[in-house]
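Working notes for the structure below.
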Amino acid sequence: MIRAAHPADLDSIADLHTRARATYYRGRLPEEAYAGAAGLALSREGWSRAVARPAAEGMVLCAEEDGRLTGVAAFRTAADGTTLTQLHVDPAHWRRGIGAALHAACLDAWRAAGVDRVRLEVYEHNLRARAFYARHGWRPDPAVPRSGSHLTLWLEIGPLSGE
């Protein structure tokens, strides 16, 4: 089930975010940069701001299975456009379609809001995420310079099939 996030989800979201990030940062960044008490607190603070955003400025979606959080996605809309800021699936639940379901829910929200183009930044070494985004139509924009260790990808939002 995909649903909007609630403040009561913040601890679960931050914990899932930390576990997911560890899979691609481990061995590439110092552990304190993405895990540990300070990393978890920083993650929770960021997610708290995202969950509190007005609907016109973005949304946080949770994937839930049997009452347990299995994935989370967040996007933000500002004057310069819409950005998919986060999409994480609990590593224990990979390869079950949760990421695809979250992505589809984001697409539905973007179409409903009249968004026609979305951007994201993906960690260059996160090959799993890069492959996921490529399968879902995200493409690099050669005109946009790389942002440190992150690649910028764009998705053109088309109408639903049959529209």
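The values are calculated or read from the model by the stated rules, or taken from the named source; none is laboratory data. Predicted model, so just to flag it, every value in this text is computed and none were measured. Every residue, glycine as well, gets a Cβ built from its backbone with ideal geometry; the counts of neighbours run over all protein chains shown.
Below are the figures for this structure:
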quantity: Any hit, the stretch 20-37, residues being buried (at least 16 other Cβ atoms within 10 Å of the Cβ), closer than 28 Å to Trp110 by Cβ, charged (D, E, K, R) and modelled with pLDDT under 85; calculated: yes
quantity: Whichever residue in the stretch 45-56 is under 16 Å from Thr83 (Cβ atoms) and within 15 Å of the chain's Cα centre (by Cα) and, among such residues, is surrounded by the most Cβ atoms within 10 Å (Cβ to Cβ); calculated: Trp47
quantity: Contacts under 6 angstrom Cβ, first residue in the stretch 76-93 being farther than 16 Å from Ile157 by Cα and in contact (Cβ under 8 Å) with a residue 40 or more places away in the chain, partner surrounded by 17 or more Cβ atoms within 10 Å (Cβ to Cβ) and β-branched (Val, Ile, Thr), 6 or more apart; calculated: His88/Val72; Val89/Ile98; Asp90/Thr70
quantity: Members of the stretch 5-26 that are part of a helix (DSSP H, G or I), out of contact with any Ser or Thr (no Cβ under 9 Å at 6 or more places or on another chain) and either in contact (Cβ under 8 Å) with a residue 12 or more places away in the chain or of a type in the set (Asp, Glu) (or both); calculated: Asp9, Asp11, Ser12, Arg19, Ala20, Ala22, Thr23, Tyr24, Tyr25
quantity: Pair list, Cβ under 7 Å, 6 or more apart: the stretch 131-145 residue within 19 Å of Pro159 (Cα to Cα), other residue outside any strand (DSSP E or B); calculated: His136/His103
quantity: Members of the stretch 65-82 that are surrounded by fewer than 17 Cβ atoms within 10 Å (Cβ to Cβ) and in a strand (DSSP E or B); calculated: Glu65, Arg68, Ala78, Gly81
quantity: For Ala104: the one exception among (1) assigned to a helix (DSSP H, G or I); (2) closer than 20 Å to Tyr24 by Cα; calculated: (2)
quantity: Any hit, the stretch 83-98, residues being of a type in the set (Lys, Arg) and either in a helix (DSSP H, G or I) or more than 14 Å from the chain's Cα centre (by Cα) (or both); calculated: yes
